[in-house]
Amino acid sequence: MEPAHTDPEIFSHIRVVMGMIVSLSLARLLSGIALFVQHPGKTHVYWIHLGWVLFMFVFLVHFWWWEFHLHSLAVIDVSVYLFVVLYCCVFFFLCVMLFPTTLDDYSDYEHYFMSRRAWFFGALALAFAVDLVDTALKGKAYFASYGLEYPARNAVYILLCIAAAGTPNRRFHAVFVVAAVAYQLVWMYRAFDLLD
């Protein structure tokens, strides 16, 4: 009996659903940034918050790029479909956490971000944990192709997110966001420069 293979149309269908959620996430980030241009002076910009906005933008673009490898799955069943959709929903939640509907209960983005940091970094830690499962879904060879750096990277991100959720130390948050953005950009270009 021949092994089952995924119909390319199924992959295209899943990409459309993923694309909708990723698009909503990117729209949330871009709309949030536009508010600073539309209403200058109304809300004080907090550079650490903007650093995480940049990180999420890069992470989302990167996510959409690497999900191309879903096409290599021999079978895509409803559990894989639900998993990927829920993974996308974690990204949307993170973007909504960065730009809430209103800041009425907060003095500015610094106050908001630091008071909601446990939610944001808890969800970000979850995203890195789910990322390990997502990569494993694509096969042992695919997972192994990134070497030990990949699981170590995710483990370090998870630990740093847990620490960031617990500490209000601005210096820690400053170093973390700068290092996270720089590393994410370097990792994206080193590990995912070309689709094959």
Quiz item: residue 120: at negative phi, in a helix (DSSP H, G or I) and surrounded by fewer than 19 Cβ atoms within 10 Å (Cβ to Cβ), yes or no?
Solution: no
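When you check residue 79 against the structure, is it closer than 21 Å to residue 17 by Cα, small (Gly, Ala, Ser) and open to solvent by 40 Å² or more (accessible area, probe 1.4 Å), yes or no?
When the stated conditions are applied, residue 79 passes them.
One residue is enough: does segment 92-102 have a residue meeting the conditions more than 14 Å from the chain's Cα centre (by Cα) and open to solvent by less than 60 Å² (accessible area, probe 1.4 Å)?
The answer is yes; a qualifying residue exists.
Kindly evaluate residue 84 against the criterion of being assigned to a helix (DSSP H, G or I), open to solvent by 10 Å² or more (accessible area, probe 1.4 Å) and either out of contact with any Gly (no Cβ under 8 Å at 6 or more places or on another chain) or charged (D, E, K, R) (or both).
Details: assigned to a helix (DSSP H, G or I): yes; open to solvent by 10 Å² or more (accessible area, probe 1.4 Å): no; either out of contact with any Gly (no Cβ under 8 Å at 6 or more places or on another chain) or charged (D, E, K, R) (or both): yes.
No, not satisfied.
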Quiz prompt | Qualifying residues in segment 34-57 (those that are of a type in the set (Val, Ile, Thr) and buried (at least 16 other Cβ atoms within 10 Å of the Cβ)) - the one nearest to residue 165 (Cα to Cα) | solution = 48
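Which ones in segment 154-193 are of a type in the set (Gly, Ala, Ser), free of Cβ contacts under 8 Å to residues at least 40 places away in the same chain and over 12 Å from residue 117 (Cβ atoms)?
155, 179, 182
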Quiz prompt | Residue check for residue 63: modelled with pLDDT under 90 and either within 11 Å of the chain's Cα centre (by Cα) or basic (Lys, Arg) (or both) | solution = yes
Exercise. Sort out which residues of segment 161-172 are over 16 Å from residue 94 (Cβ atoms), part of a helix (DSSP H, G or I) and open to solvent by less than 70 Å² (accessible area, probe 1.4 Å), and write them in order of number.
Key: 163, 166, 172
Quiz prompt | Filtered residues of segment 101-117 (kept if among the hydrophobic types (A, V, I, L, M, F, W, C) and part of a helix (DSSP H, G or I)) | solution = 113, 114
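The values are calculated or read from the model by the stated rules, or taken from the named source; none is laboratory data. Please read these numbers as outputs of a predicted model, since none were measured by experiment. Neighbour counts are summed over all protein chains in view; Cβ atoms, including those assigned to glycine, are modelled from backbone coordinates with ideal geometry. The area values use the complete protein model at the heavy-atom level, side chains included, leaving out ligands, DNA and RNA. Shrake-Rupley method; radii C 1.70, N 1.55, O 1.52, S 1.80 Å.
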